[in-house]
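The values are calculated or read from the model by the stated rules, or taken from the named source; none is laboratory data. Note that the structure is a prediction, hence the values are computed from the model and not measured. Reconstructed Cβ throughout: ideal geometry from the backbone, glycine too, with neighbour counts over all protein chains shown. For accessibility, only protein heavy atoms count, side chains too; no ligands or nucleic acids. Shrake-Rupley method; radii C 1.70, N 1.55, O 1.52, S 1.80 Å.
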Amino acid sequence: MNPPISRVFIMFLETLSHQKVPLPTLTGGTTLIAFATERPRTHKEMLAISGVGQSKLERYGDAFLDVILSHDG
């Protein structure tokens, strides 16, 4: 069972905080909500989300996928 969207969103914010990445530097809230609702499982799926380009994917993609995959099982 997937955790609620709000919990996934909080996990993303905690990940950013640990990496000392300001939210506006990474992406907008709309993109984070898309991560939480769509739960991309690959880099290709992440690139399909508005607001994610190759540069951001290379910098932060693995951290976000770790959060998603560790909580989706």
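Before moving on, here are some points about what is shown:
- Reported count of residues in region 39-50, each being open to solvent by 70 Å² or more (accessible area, probe 1.4 Å) and either under 14 Å from H71 (Cβ atoms) or touching a His at 6+ places or on another chain (Cβ under 9 Å) (or both), is 1.
- Selected residue (criterion: surrounded by the fewest Cβ atoms within 10 Å (Cβ to Cβ)) from residues of region 51-73 that are more than 12 Å from the chain's Cα centre (by Cα) and outside any helix (DSSP H, G or I): G73
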